[in-house]
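Below is one structure, written out as structure tokens; the observations come after it.
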Amino acid sequence: MKNIILNTLFFLVAITAHAQLTNWQNISSNNFVMKIIHDQNYLYVGTKGGGIVKINKQSGEQSVLKRADGSMTGNSITDMALHNGELWVGTEFNGIAKVTDGGIEKFDKKNAGFQINQHFSGFYFKDDGTMIVGSIAYLYAFDGKKCTDAYDINLLSPYTYVKKIKADVDGRIWVACYDALNQYSLCVLTSNVLIPYNIHYGKANTIETDKDGCLWIATNNGLVKCDGNDFTHYTPENSALPEVNIMDMTADEKGNLWMLSEHNIIKYDGTNFTAYPYQLSIANDYLLAIDVDNDNVYVGSRFEGLLRLTGNGLASIPLTDNQLYDSGILFSSGCIDGKGFFYASLPNGLQTFNIETGECHFEPMGQIAQTETDRNGNVWLLWPGFATDTCLVELTATGKKAYMRTDHPFSEADANLIKFDRKNRLWIATNKGLYMRDGETWMAYNKSNSNLTETVQCMAFDSSNRLWCGTYGSGLFCFDGTRWSNYTTSNTSLPSDYVGTVTVDNNNVLWLNCRDPRYPDKMGSEYGLGLTRFDGNACTTYNHNNSPLPSDCFWDVQVDADNRLWLAAAGDLSVVGLTCFDGTEWTIYNTDNSGIVLNEVTKITLDPLHDLIWLTHHPGLGLSVAHLNCHNTAVHSIATPLITTTTYDLSGRRITNPTRGIYIKEGKKYLKK
């Protein structure tokens with residue numbers, strides 16, 4: 001026993017010496033409801049970014065299936081279906097999940113033979129047990145473990161995906177598709193041949209079958225019925241259908257069809273259309289999904305979550321674990337203020353969130369290009385280009401101050417980025433050089449007074465407060481307050497003169513991501529030239545050929561208090577992940593070994609006060625948060641416990657029945673003998 005304990009403690013020291021990320025959380029909103037289904041006991045609400053909320057119909061108790069705790073493969077739900085006591089889930093980026101009482105299984109490109117892991121939807125179960133399911137570009141036959149056949153649905157369009165699959169009275173399998181060129185919106189699968197079909201009435205939004213097996217097609221130009229031979233087209237002009245654009249549709253247990261239009265919930269009993277007008281409280285909100293469970297009609301909205309039809313309109317049903325106003329956080333946004341609030345830009349405003357208190361606030365305003373914190377803990381907001389008359393807003397404990405574009409020397413420039421140096425001076429990178437604010441004094445640096453070329457793409461400051469900035473075409477520049485130095489492919493071994501990201505580590509070593517000169521603005525592994533270490537003299541470049549790097553292109557690079565590099569890799573979602581490099585070892589966090597929302601990270605925000613790392617993903621997926629465990633070399637309490645009752649392993653995965661080993665509970669590591 002003594003040897004077992006000693007070996008376990010040695011293992012712990014080895015793990016904690018590398019300071020693995022622990023206590024993963026997915027911070028998101030449940031207000032964006034994509035799909036609703038039910039069985040005898042539960043209502044299942046699939047969201048974009050917030051996973052699945054499972055509601056007990058008798059008690060009202062809610063639980064959440066989410067990536068961080070391993071109860072769901074992905075948090076962006078595209079479709080759900082119940083079959084033989086199994087819940088089948090299609091996700092936007094993480095393949096298919098099968099959920100049973102025994103646990104969860106994931107099927108994707110890696111283990112099931114699918115061509116791509118994205119946007120699975122349209123489950124149809126054949127009598128022989130085979131499943132037909134769709135995704136981007138393909139329709140698959142699936143035996144429950146492996147893909148047995150694949151059909152190309154791209155047709156004439158470069159981007160097509162499946163919406164729904166149904167069989168009509170004659171057994172023909174119909175597939176409703178999104179077709180980018182609007183050439184076709186339906187396919188028919190018969191005798192293992194997929195045939196494009198143009199109904200000529202409009203673009204198919206979804207399809208359903210009634211109690212007689214007739215096919216109904218909801219289009220942007222009314223409702224179409226197919227009885228096997230003939231088509232009947234219903235519009236407001238020839239029926240009591242109140243509106244022309246039918247967005248979703250389902251059949252209830254009595255054989256009635258229920259559907260959503262832009263301003264109505266509509267019931268069709270086989271003879272009459274009955275409309276239930278609705279008015280959403282948020283002006284730009286809209287309805288997406290409908291489900292009918294006996295006398296209960298549930299609908300899902302974009303901004304107001306789950307709603308139920310009542311005699312007075314639509315009543316909201318609050319969903320648990322609803323932490324954010326919206327999960328649609330933009331790519332480059334994310335910063336922490338002096339009080340621990342995370343600031344994120346949404347398409348229609350500013351969102352703040354405090355992980356300790358759970359406070360979430362939303363302020364409507366124009367789309368913000370960047371959120372950044374100065375050295376006093378104040379937050380600054382940057383607006384893109386000439387989007388508004390306001391170019392900057394400073395948020396302090398006492399209020400806010402707006403900086404109008406016309407009042408400043410950069411009024412004619414398009415700002416790319418803002419940063420604060422060690423003296424808390426504001427620097428603005430633009431397409432017309434750099435602008436620096438020192439107190440109330442502004443300085444401009446451009447071709448007229450330096451050898452700096454016009455467009456500056458990225459910035460960083462070293463311990464001597466020297467500015468390092470990357471350009472697209474003129475390499476790397478350094479400014480020490482007096483003199484400018486330029487480093488290019490002609491005088492260094494930089495991979496290219498297109499520098500997309502730059503950061504300075506705690507030893508004043510620069511880390512760069514140079515880009516392919518032919519495609520400097522494209523984000524993908526093939527467009528990047530790896531991770532380059534530059535000490536002011538020599539360059540060393542790491543790439544996917546000479547290191548474990550999963551990609552050669554990066555959205556963001558940050559350095560923590562332990563001088564570890566954190567890399568947000570761009571590229572294939574099945575390959576990339578959050579990469580950590582401590583100078584010797586590479587560690588990759590992905591959806592197979594951690595609670596990260598998505599393999600591709602677009603922005604990294606470090607919170608040294610709470611020892612946290614915040615990760616932003618594609619808009620709609622919210623945030624991933626984990627403990628950094630900086631300066632962690634032994635068993636000790638984690639500074640701020642995120643979860644108080646759940647047991648985790650050292651990779652941040654939830655453990656139901658822990659066996660022997662090291663685990664985390666109530667924010668502390670403990671040894672299970």
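The figures follow:
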read-out: Verdict on residue 160 being of a type outside the set (Asp, Glu) and crowded, with 21+ Cβ neighbours inside 10 Å; value: yes
read-out: Check on residue 344, over 22 Å from residue 251 (Cβ atoms), among the hydrophobic types (A, V, I, L, M, F, W, C) and either free of Cβ contacts under 8 Å to residues at least 60 places away in the same chain or open to solvent by 10 Å² or more (accessible area, probe 1.4 Å) (or both); value: no
read-out: Where a residue in region 482-507 is more than 22 Å from residue 445 (Cβ to Cβ) and its partner, wherever it lies, is among the charged types (D, E, K, R), with Cβ under 8 Å and at least six apart; value: 489/497; 496/515; 496/516
read-out: Among (1) surrounded by 19 or more Cβ atoms within 10 Å (Cβ to Cβ); (2) within 30 Å of residue 324 (Cα to Cα); (3) among the acidic types (Asp, Glu); (4) free of Cβ contacts under 8 Å to residues at least 40 places away in the same chain, the one test that residue 592 misses; value: (1)
read-out: All positions within region 234-252 that are surrounded by fewer than 16 Cβ atoms within 10 Å (Cβ to Cβ) and among the hydroxyl-bearing types (Ser, Thr, Tyr); value: 239
read-out: Residue in region 176-185 that is within 29 Å of the chain's Cα centre (by Cα), free of Cβ contacts under 8 Å to residues at least 24 places away in the same chain, part of a strand (DSSP E or B) and closer than 20 Å to residue 140 by Cα present; value: yes
read-out: In region 530-548, the residues that are modelled with pLDDT of 95 or more and of a type in the set (A, V, I, L, M); value: 531
read-out: Residues of region 277-297 satisfying the condition of being among the polar types (S, T, N, Q) and part of a strand (DSSP E or B); value: 296
read-out: Residues being open to solvent by 40 Å² or more (accessible area, probe 1.4 Å) and closer than 18 Å to residue 187 by Cα - total across region 204-220; value: 1
read-out: Residues (assigned to a strand (DSSP E or B) and free of Cβ contacts under 8 Å to residues at least 24 places away in the same chain) located in region 142-154; value: 148
read-out: Test: residue 117 is touching a helix residue (DSSP H, G or I) at 6+ places or on another chain (Cβ under 6 Å), farther than 18 Å from residue 205 by Cα, modelled with pLDDT under 95 and part of a loop (DSSP other than H, G, I, E, B); value: yes
read-out: Top-ranked residue in region 574-589 [being of a type outside the set (A, V, I, L, M, F, W, C) and touching a residue at least 40 places away in the same chain (Cβ under 8 Å); ranked as least open to solvent (accessible area, probe 1.4 Å)]; value: 589
read-out: Residue in region 86-94 that is out of contact with any His (no Cβ under 8 Å at 6 or more places or on another chain), assigned to a loop (DSSP other than H, G, I, E, B) and surrounded by fewer than 21 Cβ atoms within 10 Å (Cβ to Cβ) present; value: no
read-out: Any hit, region 417-437, residues being in contact with a Leu (Cβ under 7 Å, 6 or more places away or on another chain), more than 24 Å from residue 375 (Cβ to Cβ) and surrounded by 12 or more Cβ atoms within 10 Å (Cβ to Cβ); value: no
read-out: Unique residue being among the β-branched types (Val, Ile, Thr), modelled with pLDDT under 95, farther than 25 Å from residue 600 by Cβ and crowded, with 16+ Cβ neighbours inside 10 Å when the list is 299, 393, 379; value: 393
read-out: Residues of region 548-584 that turn out to be over 27 Å from the mean Cα position of the chain (by Cα) and farther than 21 Å from residue 334 by Cβ, as a count; value: 3
read-out: Complete set of residues in region 186-196 that are open to solvent by less than 80 Å² (accessible area, probe 1.4 Å) and in contact (Cβ under 8 Å) with a residue 12 or more places away in the chain; value: 186, 187, 188, 189, 190, 194, 196
read-out: Residue tally, condition under 15 Å from residue 303 (Cα atoms) and not small (Gly, Ala, Ser), over region 322-349; value: 9
read-out: Some residue of region 446-463 being surrounded by fewer than 17 Cβ atoms within 10 Å (Cβ to Cβ) and part of a strand (DSSP E or B); value: no
read-out: Enumeration of residues in region 347-376 that are among the hydroxyl-bearing types (Ser, Thr, Tyr) and surrounded by fewer than 21 Cβ atoms within 10 Å (Cβ to Cβ); value: 352, 357, 373
read-out: Region 253-298, residues that are touching a Phe, Trp or Tyr at 6+ places or on another chain (Cβ under 6 Å) and among the acidic types (Asp, Glu); value: 285, 291
read-out: Near pairs, Cβ below 8 angstrom, 6+ apart or cross-chain, from region 244-269 (more than 23 Å from residue 178 (Cα to Cα)) to any residue that is among the basic types (Lys, Arg) and crowded, with 16+ Cβ neighbours inside 10 Å; value: 256/267
read-out: Which listed residue, of 396, 406, 371, is touching a residue at least 12 places away in the same chain (Cβ under 8 Å), under 16 Å from residue 329 (Cβ atoms) and out of contact with any helix residue (DSSP H, G or I) (no Cβ under 8 Å at 6 or more places or on another chain); value: 371
read-out: Elements of type strands (runs of 3 or more DSSP E) contained in region 325-440, each with 3 or more residues being among the hydrophobic types (A, V, I, L, M, F, W, C) and within 26 Å of residue 285 (Cα to Cα); value: 341-346
read-out: Test: residue 327 is under 23 Å from residue 67 (Cα atoms), touching a residue at least 40 places away in the same chain (Cβ under 8 Å) and open to solvent by 30 Å² or more (accessible area, probe 1.4 Å); value: no
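The values are calculated or read from the model by the stated rules, or taken from the named source; none is laboratory data. Because the structure is predicted, anything quoted here is derived from the model rather than measured. Glycine gets a Cβ as well: all are built from the backbone with ideal geometry, and neighbour counts include every protein chain shown. Accessible surface is based on the protein model in full, side chains and every heavy atom, while ligands, DNA and RNA are left aside. Shrake-Rupley method; radii C 1.70, N 1.55, O 1.52, S 1.80 Å.
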